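The values are calculated or read from the model by the stated rules, or taken from the named source; none is laboratory data. Keep in mind it's a predicted model, so treat the numbers as computed, not measured. Every residue, glycine among them, receives a Cβ derived from its backbone with ideal geometry; neighbour counts consider all protein chains shown.
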Amino acid sequence: MASFVHDFPFDPAYGRTLDELLRIPAPAPPEDFAAFWTARHGEARAVDTAPEVGPAEEERDGVRLHGVTFTSVGGVRLGGWLALPAGGPAEHGFVIGHGYGGRRATGPDVPLPLPRAAAILPCVRGMGSRGLLPGVPDEAAGHVLHGIGSRDTYVIGDCVADLWCAASALQELLPELAGPGRLGYLGESFGGGLGALALPWDERFAAAQLTVPTFGNHPLRLTLPCVGSGESVRAHHREHPGVTEVLAYFDAATAAARLERPTLVAAALFDPSVPPPGQFAVYNALPGHRELMVLRAGHFAYPRIVAESAELTARRERFFGRWLGGA
């Protein structure tokens with residue numbers, strides 16, 4: 001197991017070895033789990049996203065970055081960025097989720113995993129800098145509890161729908177990327193968990209890469225202290241134990257058990273924000289082609305972070321080159 005000098009009042013490796021992490025299962029789904037998410041997906045696909053693209057804001061790493069807005073479920077208008085190839089048409093498309101905290105106002109990180117690729121990088125509802133919404137907290141501790149009293153009002157379900165609507169907007173803007181199996185998904189932390197929840201139900205995605213995904217194995221997460229959004233959920237659960245019935249519908253590991261598309265997961269052995277047992281539960285549940293890159297740590301600075309980040313970038317490029325490159 002990974003070990004670092006730190007000042008957290010708990011062990012961010014949670015006493016698990018890699019072998020133990022690779023045996024953590026996904027919780028069983030509620031009986032109507034698939035019906036719930038299929039209905040949510042159908043609602044999102046019926047939205048007229050009416051995307052609008054602004055002028056180019058900058059050009060770097062082989063793409064031009066434009067501001068973009070689109071409509072999601074509930075008539076909510078969201079913003080983000082659209083990355084277009086600097087020269088020539090787009091041959092590949094990506095939807096890219098973000099971590100808790102949203103995206104910087106200075107623009108998203110690129111480059112993309114494949115050349116001649118386009119991407120939409122949405123800010124999901126409540127998250128800055130282009131997804132701010134009145135009444136929805138914009139910081140993780142409050143956001144992760146918004147609407148948690150019911151599966152129908154929980155903000156996490158709406159954020160998943162925001163990703164589906166972002167995919168619709170991208171394919172409307174670039175008809176050459178329309179159709180099933182034409183998109184890839186990238187998501188880290190919060191975006192990784194949302195991706196695991198979103199992808200099983202949407203045939204437009206051919207492959208995905210999830211880095212230190214959150215929301216995996218909620219029953220176990222509720223027993224593990226952390227400094228991320230999970231701690232806010234743990235505190236809420238102590239006062240409202242019935243919330244476990246809602247959380248069961250938003251478990252990324254439970255959803256991953258239905259994700260049959262090729263998926264690359266980067267999971268950490270040590271992570272104070274997203275407990276590694278939950279990350280590995282997502283990977284372990286995947287029934288289709290899966291690849292794992294074990295990181296020494298997540299949400300934590302450590303000596304090999306630059307080298308491991310470069311290795312993950314190379315793995316991501318090879319992975320999407322195999323599963324999306326021929327599209």
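Screening Gly192 with (1) more than 19 Å from Val47 (Cα to Cα); (2) touching a strand residue (DSSP E or B) at 6+ places or on another chain (Cβ under 6 Å); (3) surrounded by fewer than 24 Cβ atoms within 10 Å (Cβ to Cβ) gives one miss only, at (3). Working only within the stretch 123-154, note down all residues that are of a type in the set (A, V, I, L, M) and crowded, with 22+ Cβ neighbours inside 10 Å. Those that are of a type in the set (A, V, I, L, M) and crowded, with 22+ Cβ neighbours inside 10 Å: Val124, Met127, Ala140, Val144. Among the residues making up the stretch 287-316, those that are among the basic types (Lys, Arg), within 27 Å of Val227 (Cβ to Cβ) and in contact (Cβ under 8 Å) with a residue 40 or more places away in the chain are Arg296, Arg316.
Just one of the listed residues (Asp158, Asp138) is in contact (Cβ under 8 Å) with a residue 12 or more places away in the chain, assigned to a loop (DSSP other than H, G, I, E, B) and acidic (Asp, Glu), and it is Asp138. Among residues of the stretch 181-192 that are closer than 14 Å to Leu264 by Cβ and touching a residue at least 24 places away in the same chain (Cβ under 8 Å), none has a Cβ under 7 angstrom from a residue that is in a loop (DSSP other than H, G, I, E, B) and among the aromatic types (Phe, Trp, Tyr) at a sequence gap of 6+ or on a separate chain. The number of residues in the stretch 39-53 that are among the β-branched types (Val, Ile, Thr) and surrounded by fewer than 19 Cβ atoms within 10 Å (Cβ to Cβ) comes to 1. Among the residues of this structure, Gly101 counts as one that is among the small types (Gly, Ala, Ser), farther than 21 Å from His41 by Cβ, surrounded by fewer than 18 Cβ atoms within 10 Å (Cβ to Cβ) and within 18 Å of the chain's Cα centre (by Cα). When every residue of the stretch 144-157 is checked against the conditions, none turns out to be β-branched (Val, Ile, Thr), closer than 25 Å to Arg204 by Cα and touching a strand residue (DSSP E or B) at 6+ places or on another chain (Cβ under 8 Å).
Against the test of being touching a Leu at 6+ places or on another chain (Cβ under 7 Å), surrounded by 24 or more Cβ atoms within 10 Å (Cβ to Cβ) and either in a loop (DSSP other than H, G, I, E, B) or not acidic (Asp, Glu) (or both), the options Ala119, Ala90 yield a single qualifying residue, Ala119.
Scanning the stretch 173-181 finds no residues that are under 21 Å from Val274 (Cα atoms) and either of a type in the set (A, V, I, L, M) or modelled with pLDDT under 95 (or both). Could you say whether any residue in the stretch 65-80 is farther than 22 Å from Gly54 by Cβ, under 14 Å from the mean Cα position of the chain (by Cα) and not charged (D, E, K, R)? Scanning the stretch 65-80 turns up no residue that is farther than 22 Å from Gly54 by Cβ, under 14 Å from the mean Cα position of the chain (by Cα) and not charged (D, E, K, R). Hey, does the stretch 271-289 have a residue that's buried (at least 23 other Cβ atoms within 10 Å of the Cβ) and aromatic (Phe, Trp, Tyr)? Checked against the condition, which is being buried (at least 23 other Cβ atoms within 10 Å of the Cβ) and aromatic (Phe, Trp, Tyr), the stretch 271-289 yields at least one hit. The conditions of being part of a loop (DSSP other than H, G, I, E, B), modelled with pLDDT under 95 and surrounded by fewer than 17 Cβ atoms within 10 Å (Cβ to Cβ) are met by Pro303.
The C-beta contact set for the stretch 253-281 (first residue farther than 15 Å from Met293 by Cα and assigned to a loop (DSSP other than H, G, I, E, B), second residue at pLDDT 95 or above and basic (Lys, Arg), distance under 8 angstrom, 6+ apart or interchain) comprises Pro275/Arg221. Determine, yes or no, whether Arg130 is in contact (Cβ under 8 Å) with a residue 60 or more places away in the chain, touching a Cys at 6+ places or on another chain (Cβ under 8 Å) and part of a loop (DSSP other than H, G, I, E, B). Yes: the conditions hold for Arg130. Output the residues belonging to the stretch 186-210 that are assigned to a strand (DSSP E or B) and within 8 Å of the chain's Cα centre (by Cα). Those that are assigned to a strand (DSSP E or B) and within 8 Å of the chain's Cα centre (by Cα): Leu186, Gly187, Glu188, Leu210. Applying the set (1) in a loop (DSSP other than H, G, I, E, B); (2) in contact (Cβ under 8 Å) with a residue 24 or more places away in the chain to Asp109 leaves exactly one unmet item: (2).
Tell me, yes or no, whether the stretch 18-38 has at least one residue that is more than 30 Å from Asp152 (Cα to Cα), among the charged types (D, E, K, R) and surrounded by 15 or more Cβ atoms within 10 Å (Cβ to Cβ). Looking through the stretch 18-38, none of the residues is more than 30 Å from Asp152 (Cα to Cα), among the charged types (D, E, K, R) and surrounded by 15 or more Cβ atoms within 10 Å (Cβ to Cβ).
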